[in-house]
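Structure first, commentary second.
The values are calculated or read from the model by the stated rules, or taken from the named source; none is laboratory data. Small disclaimer: the values here were computed from a predicted structure and weren't measured. Positions of Cβ are backbone-derived with ideal geometry, glycine not excepted, and every protein chain shown enters the neighbour counts. Side chains are part of the model used for accessible areas, which takes the heavy atoms of the whole protein and leaves out ligands, DNA and RNA. Shrake-Rupley method; radii C 1.70, N 1.55, O 1.52, S 1.80 Å.
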Amino acid sequence: LVYTEPIAQVHVHTDGCFETVVSEPTPICGSTETDHVHTEECYRLNCGLEEHTHSLSCYSDPEADVETAEIWEATLADVELTGKWPEDVVAIAESQLGYTESTRNYAVWEDNSIHGYTRYGAWYGVPHGDWCGMFASFCLNYAGVEGMPLNYGVRPWIEDLAEMGLYYTAGTAEPLVFYDWEGDGLSDHVGIVAEIEPATEYSVARLKAIEGNASNCVKYVTYDLDDPVLLGFSRLPEKLDVEEEEK
């Protein structure tokens, strides 16, 4: 993370912040109980400042690394779409290799986990969300794929794809691959199938994928095709030809 100047200034209440008589703060609670111990709530503040100590979220810069559609679409300018959706999805994904989520613009969630801003989250509408699904959706969208559900969460995405007959757990399909990191039969991650490397005399068949939010960036990741972490695959909807579209 890159720490910038925090927005809120540190302020911790001292005796001087409370209404005083002579040199000692005067309690306003009115308690005369001998076993009563005065707390800050027993005194009236006169400093006019809210007490604040810096936490990790204070160092996030909400303006850092923010992109508009014009900026991220410029990264797609060299991609020539062929009309073959699986190939085009991979081409869009390859144009994003090396992108890394922001370390200066981030959100700290309730579990104290840190989530950096990404262009894929900004495109989807959740700038600081977990972004593997939003990355894959981004690639499908800019590849011009039609009739394909897009989703932020991978588990509801699988449900939608299964209802459409597009999700498979046996064999492979293109272009989406879903992973089960926890071994509980539920998906935790999604990537884009870039290549299936056939088995050889010396190695098993392997799957090469492009993943978003892989170590906080977009990169290639390779797996043995029989790796149990590969939960299932999704193909794309059938593309209508011109005559069918006219009908």
Residue 238 versus residue 197: modelled label distance in nm, points set 7 Å from Cα along the beta carbon direction: 3.5 nm
Long-range alpha-carbon pairs in the stretch 55-116, meaning those over 17 Å apart, account in percent for 56 percent
What does the net charge come to around residue 104 if you take all other residues with beta carbon closer than 11 Å to its beta carbon, with K and R at +1 and D and E at -1? -4
Tell me the accessible surface of residue 161 in square angstrom (1.4 angstrom probe, heavy atoms of protein chains only), to the nearest ten. 0 Å²
When the Debye formula is applied to the Cα atoms of the stretch 97-160, each taken as the same point scatterer, what base-10 log of I(q)/I(0) results at q = 0.18 Å⁻¹? -0.68
Counting Lys +1, Arg +1, Asp -1, Glu -1, what net charge surrounds residue 123 among other residues with beta carbon under 13 Å of its beta carbon? -2
Compactness summary of the stretch 129-247: radius of gyration and Dmax from Cα atoms, Å, are 14.9, 51
Just the accessible area for residue 164, please: 1.4 Å probe, Å², rounded to the nearest 10? 90 Å²
Under a 1.4 angstrom probe, counting protein chains only, how are 168, 202, 223, 59 ranked by accessible area, largest first? 202, 168, 59, 223
Quick one: accessible surface of residue 235, probe radius 1.4 Å, all protein chains present, in square angstrom to the nearest 10. 70 Å²
Using a 1.4 angstrom probe with every protein chain in place, what is the largest-first accessible-area order of 208, 219, 239? 239, 219, 208
Sort 177-190, 117-130, 83-96 by packing, meaning the average of other beta carbons within 10 Å per residue, with the highest value first. 117-130, 83-96, 177-190
